[in-house]
Amino acid sequence: MTGTTRRHFLAATSAALFASPFIPKAWAAGSRDPRLLVVILRGGLDGLGAVMPIGDPDFAALRADFQSPRLGEAHRLDAMFALNPSMPALANLYDRKEALIFHAVATPYRARSHFDGQEVLENGMPKSGTGEDSGWLNRALAAMQPQKGVRLAPKRGLAVAATTPLILRGAAPVESWQPQAMNYARADTLQRLEALYDARDLKLAAALREGARVDLFLGDEPSMKRLQQEAPASSKGFALAANAAARLMAAPDGPRIAVMNFDGWDTHTAEGPYDGRLAKNLVALDEGVTALRTGMGPVWSDTSVLIITEFGRTARVNGTKGTDHGNGGVAFLVGGRVNGGRVIADWPGLSEKALFEDRDLAPTTDMRAVLKGLLADQLDIDEKTLGSTIFPGSEQVRPMRGLIRA
């Protein structure tokens with residue numbers, strides 16, 4: 001089989017986990033200071049459209065819409081996979097070995113409801129409907145407790161959203177910030193708004209102040225006006241928010257863990273791999289990744305950005321030139337600390353027999369293995385805590401190690 005398989009990858013990465021969940025070595029004084037940003041693509045990204053298995057002989061028959069001269073512009077990742085040409089920045093990071101791609105990956109959820117799929121993706125439970133109202137990323141943040149004599153970076157989360165997504169809800173402190181709502185108001189207006197919220201809603205007042213901090217970290221070069229001029233209309237919203245969030249995280253006293261939403265991936269109609277809804281979203285995502293790298297500046301070397309979605313989409317195109325809710329899909333991990341330049345896939349194939357329920361790319365890699373490996377390597381959380389507290393019921397799912405450079 002061509003490409004790097006999950007089995008080969010796991011066999012090649014046998015480093016032991018750190019023993020204690022209470023001494024995050026990565027955050028100790030005098031050592032590295034890691035950042036972790038999670039971007040949730042809400043609606044279900046078409047993994048076969050973003051990362052095309054051109055080495056699979058059944059791909060062309062299933063996806064005749066990809067047979068275009070633009071297929072020749074796709075960036076070859078290895079003998080099996082090529083990256084959609086709408087993502088040149090991600091292709092560059094892959095070549096720089098700062099990007100990992102996971103294919104045929106999924107959470108344990110196998111139905112096709114956005115609501116339930118996002119619930120499982122965010123709370124880290126084995127199934128939907130458990131009633132768990134905290135998120136795995138918040139539990140990871142809460143698990144990292146300081147030890148006497150060890151200085152930790154600010155231990156709080158940032159939600160770039162109007163309200164905190166489930167993935168970051170829980171006991172650990174989280175600040176919410178919605179950049180569109182701020183409109184970068186003048187200082188005197190901000191002061192009046194802060195006074196109003198202080199008298200009525202302290203949580204809203206805190207969110208308002210967090211948004212106002214963006215101006216401090218954006219600085220004059222490049223200014224917000226310049227960023228707006230440079231970013232295309234189709235992508236400037238996500239790119240602007242990504243750049244501002246990155247600058248907040250890069251600040252010495254800024255949050256080290258954050259979550260961003262990117263809506264609009266439910267491409268039932270007019271998906272268009274090269275010029276339709278999917279292509280436009282991929283352009284926006286790609287420019288957002290560039291904005292993150294720019295905003296992080298020097299701390300990019302200690303940063304990991306995880307890009308995930310609740311499920312993939314159907315292998316076949318439907319009658320309205322789109323794809324419907326599916327199962328197996330893709331996830332991306334980018335950043336200066338990422339041990340990249342690989343597609344990690346235990347590829348199931350796209351033959352009629354291989355499709356899940358005769359319609360979807362069959363999931364062969366548990367998303368929790370990726371998430372556990374990332375938290376182990378980036379935040380030094382031990383395997384016992386990952387299996388019992390962060391992802392309850394996942395004790396049999398081994399962390400995928402070696403995703404992060406030592």
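Among the candidates Ala258, Ala250, Ala291, Ala242, which residue alone is under 18 Å from the mean Cα position of the chain (by Cα), more than 28 Å from Asp116 (Cβ to Cβ) and buried (at least 24 other Cβ atoms within 10 Å of the Cβ)?
Ala291
Checking Trp265 against (1) outside any loop (DSSP other than H, G, I, E, B); (2) within 15 Å of the chain's Cα centre (by Cα), which single condition isn't satisfied?
Of everything listed in (1) outside any loop (DSSP other than H, G, I, E, B); (2) within 15 Å of the chain's Cα centre (by Cα), Trp265 misses just condition (1).
Report yes if Pro298 is at pLDDT 95 or above, open to solvent by 50 Å² or more (accessible area, probe 1.4 Å) and either in a strand (DSSP E or B) or not polar (S, T, N, Q) (or both), otherwise no. Lay out the reasoning, then the answer.
Numbers: at pLDDT 95 or above: yes; open to solvent by 50 Å² or more (accessible area, probe 1.4 Å): yes; either in a strand (DSSP E or B) or not polar (S, T, N, Q) (or both): yes.
Answer is yes for this residue.
Does any residue in the stretch 80-97 that is basic (Lys, Arg) come within less than 8 Å, Cβ to Cβ, of a residue that is surrounded by fewer than 19 Cβ atoms within 10 Å (Cβ to Cβ) six or more places away or on a different chain, and which pairs are these?
Arg96/Gly341; Lys97/Asn339; Lys97/Gly341
In the set Leu333, Leu386, Leu379, which member is within 22 Å of Ala142 (Cβ to Cβ) and touching a strand residue (DSSP E or B) at 6+ places or on another chain (Cβ under 8 Å)? Show your work before the answer.
Working: Leu333 fails: within 22 Å of Ala142 (Cβ to Cβ); Leu386 fails: touching a strand residue (DSSP E or B) at 6+ places or on another chain (Cβ under 8 Å).
Matching residue, one of Leu333, Leu386, Leu379: Leu379.
Tell me which residues, restricted to the stretch 55-68, are surrounded by fewer than 18 Cβ atoms within 10 Å (Cβ to Cβ), in contact with a helix residue (DSSP H, G or I) (Cβ under 8 Å, 6 or more places away or on another chain) and closer than 19 Å to Met87 by Cα.
Gln67, the sole residue that qualifies.
Looking at (1) surrounded by 15 or more Cβ atoms within 10 Å (Cβ to Cβ); (2) at pLDDT 95 or above, which one does Leu71 not meet, given that it meets all the others?
(2)
Which is under 24 Å from Lys321 (Cβ atoms) and either at pLDDT below 95 or over 16 Å from the mean Cα position of the chain (by Cα) (or both), of Phe66, Phe9?
Phe66
The values are calculated or read from the model by the stated rules, or taken from the named source; none is laboratory data. These numbers come from a predicted model, not from an experiment. Using ideal geometry, Cβ is built from the backbone for each residue, glycine included, and neighbour counts are taken over all protein chains shown. Side chains are part of the model used for accessible areas, which takes the heavy atoms of the whole protein and leaves out ligands, DNA and RNA. Shrake-Rupley method; radii C 1.70, N 1.55, O 1.52, S 1.80 Å.
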